[in-house]
Amino acid sequence: MDFIKIAEIFDKIDKEGITGRIELTKIVAKFIAGVSDEVLQIILLFFQGKTFPIWSNKELGIAENLVVKALSKTTGWKEEKIKAQIREEGDLGNVGGKILSGRIQHSLFSSEMENLTVKEVSDSFQKISECSGGGSQEKKMQLIGQILSKATETEAKFFVRLLLGEMRVGIGEGVIRDAIAIAYNVEPKLVERGYYLISDIGKVAGIAKANGNNGLENIVLEIGIPVRVMLAQKVNGVRDAIDEFGKCAFEVKYDGMRIQIQKNKAHIYLFTRRLENVTTQFPEIVRAVKENVQADKVIMEGETVAIHGTNKGNEEERRRPRVFQELSRRIKRKYDIDEIVGKIPVEINLFDILYLNGKPLMNEKFENRRKILENTVKTTEAFRLAEQTITDSIEDAEKFYNYALKSGHEGVMAKKLDAAYQAGSRAGYMYKIKPIMETLDVVIVGGTWGEGRRAQWLASFLLAIRDPVSNKFLTIGRLGTGFTDEQFKEMTEILKELIIREEGKEVEIKPNVVVEVAYEEIQKSPSYTSGYALRFPRLVRFRDDKSHEESDTVERVEELSR
Ligand code: AMP
């Protein structure tokens, strides 16, 4: 298949600003209905703006500068001139396309051009991801140049956007799922089920195409590809869980990163809840699995927690969790890993098992899965089973909850004893119970202009709290979620009037608008002038009733943080 075919579809979606779910679904369904098996997976990745599935550890590692260099080499344009053009247009994809269009016109007169194929583009991504070591940038540039030299304007535009991971044509998972259901006349629910089990939408589409609903029903999980994890619902207290489940399992809710551990003989894979492959970042977990899991093939889940470490005092102190940011450093670190392993030790608290030696266990009751888990792993100081108590006594459950909080954990999970594992679903078999965070009323003091569809709006807002002593506003985080499109528009209208200064995409805003935000946690942070950062702030409501002078203060944040 020629790359131009899909590039033209992207161009239509982009130029016409198509964002409606129904229309996008129709476009994708119509397109994939006629796509050959060979390129189906690639096309579905491209539709999502991806070059590789999220769980593969392949990445392109391409910065804008390298693409500028490749464009310069291919066209003879000076790098500076290309950069100036980007500043004007704001999108390297568009610029690349435009620069190349002149050249293509020219070469069309002189010689017949061979068409660029989808397979060729995909192969080039593959080769780019394999470049490593000395001279890899040069090699990558050559590979990019080879494609660019064959590309038309539209092809170049979307090739560059794919390279940079900035498609700006927002086609989400839901649309892809529905499109597969329409294209191959299968049940959307079964497509979803298959996708949650093998996280490989191309493969699911292939099965839907070849064997319809029947094929989808027979999908089982596979080692090497992550399963979508089961999610928890929030309830107010342990009483709610016991009312609902009766006798149930309460477990410590550890505050870290969910990890899915997969073992296939000597091969170990570690995936996050978002399906990212983090195997290389945690060599000590890989080692622990090799040494302590007594089975050939296993899929297990647990929570990875950064802890204070081994040299300090008693067990309670050693195991005291560190703030999430420390774990984040481990996740992001891609080099000199051994060094950071020593500095930020982690422990794993295992809480589920989904597969053992060829047998999927998802339909087993939770209490049986836990027993199988206990029989499969040998626990060590840093490779443990989640602490658990099974009870129907509210008093005992509350004691356990208080104990969990006192030990520095987030709260508890309550799990229904006879429930199956529902991949990707918030099925109501697992509840989380944690203290309710009080919201904060904060002032907007800055923002960033959006991109693509949101280029006309301010899309992220810099939040601040008041320092009553200096009467200044000190920053504490950025807010970009919880808004509807209407609210983004409305906010931009209001805030536009208050812009004091603009630099690139950043704007400084006169403190005036107050918003109430919820958040997961308050952390100490050097990134903001208050010295604190809100983790995952989200909009609760606009406080039109409050002036900026009534916003929350540094003292209040200090108190909540304590
Ligand atoms: P939340 O992220 O607040 O929705 O809470 C659910 C998350 O708690 C899960 O995705 C896990 O990462 C984490 N968690 C911590 N301890 C446990 C546990 N014992 N059982 C299940 N999930 C846990």
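FYI, it's all coordinate maths here, none of it is from the lab. Remember, it's a predicted structure, so these values are computed and weren't measured experimentally. Here the Cβ is made from the backbone with ideal geometry for all residues, glycine too, and neighbour counts use every protein chain on show.
So if we plug the beta-carbon distance of ASP336 and ASN185 into 1/(1 + (r/R0)^6) with R0 = 30 Å, what FRET efficiency do we get, rounded to 0.05?
0.05
Counting other beta carbons within 10 Å of each Cβ, put HIS267, HIS409 in order, fewest first.
Values: HIS267 12, HIS409 24.
Result, fewest neighbours first: HIS267, HIS409.
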Point to revise | Residue list for the range 466-507, given a label point 7 angstrom along the Cα-to-Cβ vector of ARG21 and an amide N cut-off under 17 Å | key: 482-486
Revision key, fill the gap. With label points set 7 Å from each Cα along the Cα-to-Cβ direction at PHE536 and ASN236, the distance between them in nm comes to 2.2 nm
Exercise for review: About the Cα centre of the chain, how large is the charge dipole given +1 on each Lys and Arg Cβ and -1 on each Asp and Glu Cβ? Please answer in debye to the nearest 20.
Suggested key: 1080 debye
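Classify the range 26-67 from the C-alpha gyration tensor, please: rounded if a/c falls under 1.5, else prolate or oblate depending on whether a/b exceeds b/c.
Values: a/c = 2.86, a/b = 2.00, b/c = 1.43.
The shape class here is prolate.
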Check your understanding: Which whole-Hz couplings ³J(HN,Hα) result when phi for each residue of the range 436-452 is put into the Karplus expression 6.51 cos²θ - 1.76 cosθ + 1.60, θ = phi - 60°, listed in order with x for Gly and Pro?
Key -> 6, 7, 6, 7, 10, 9, 10, 10, 8, 10, x, x, 10, 5, x, 10, x
**Study point:** Cα-projected label distance for LEU405 with ASP243, points at 7 Å along beta-carbon direction, nm
**Key:** 1.9 nm
Revision key, fill the gap. Normalised per residue, the volume inside the convex hull of the alpha-carbon atoms of the range 331-445 in Å³ amounts to 224 Å³
Practice item. Please report the relative contact order for the chain, taking Cα pairs under 8 Å with a sequence separation of at least 6, and give it as a percent rounded to a whole number. Key: 12 percent
**Study point:** Where GluC sites (Glu not before Pro) fall in DSSP loop in the range 439-501, at most 14 other Cβ within 10 Å
**Key:** GLU451, GLU497
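Order by neighbour count: SER393, SER101, fewest other Cβ atoms within 10 Å first, most last. Show your work: numbers first, answer last.
Details: SER393 13, SER101 16.
By the 10 Å Cβ count, ascending, the order reads SER393, SER101.
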Check your understanding: If you plug each phi of the range 394-411 into the Karplus form 6.51 cos²θ - 1.76 cosθ + 1.60 with θ = phi - 60°, what whole-Hz ³J(HN,Hα) values come out, in order, with x for Gly and Pro?
Key -> 4, 4, 5, 5, 5, 4, 5, 4, 5, 5, 4, 5, 4, 7, x, 8, 6, x
Review point. Between TYR355 and residues 5 or more places away or on another chain, which pairs have amide H atoms under 5 Å apart, with H built 1.01 Å from N, and which residues are they?
Key: ILE299, LEU361
Review point. Using alpha carbon centroids, what distance separates the range 33-92 and the range 382-399, in Å?
Key: 50 Å
**Study point:** Peptide ranges 396-405, 372-381 listed from the most packed, as the mean C-beta count within 10 angstrom indicates
**Key:** 396-405, 372-381
**Study point:** Label-reachable residues, the range 233-256, where backbone N falls under 11 Å from a point 7 Å from GLU398's Cα toward its Cβ
**Key:** 238-239
Review point. How large is the Kirkwood hydrodynamic radius of the chain, in angstrom, based on all distinct alpha carbon pairs?
Key: 26.6 Å
Review point. For the peptides 343-351, 138-146, what is the packing order when you average, over each peptide's residues, the other Cβ atoms within 10 Å and list the highest mean first?
Key: 343-351, 138-146
Revision key, fill the gap. Subtracting the Cα-Cα distance of VAL220 and ALA33 from 0.36 nm times their residue separation yields 64.9 nm
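In the structure displayed, which of LYS371/LYS434; LYS119/LYS150; LYS472/LYS546; LYS472/LYS505 lie more than 21 Å apart, Cα to Cα?
Numbers: LYS371/LYS434 26 Å; LYS119/LYS150 14 Å; LYS472/LYS546 17 Å; LYS472/LYS505 24 Å.
Correct reply: LYS371/LYS434; LYS472/LYS505.
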Check your understanding: Which residues in the range 471-513 place their backbone N less than 15 Å from a point set 7 Å from the Cα of ARG87 along the Cα-to-Cβ direction?
Key -> 503-506
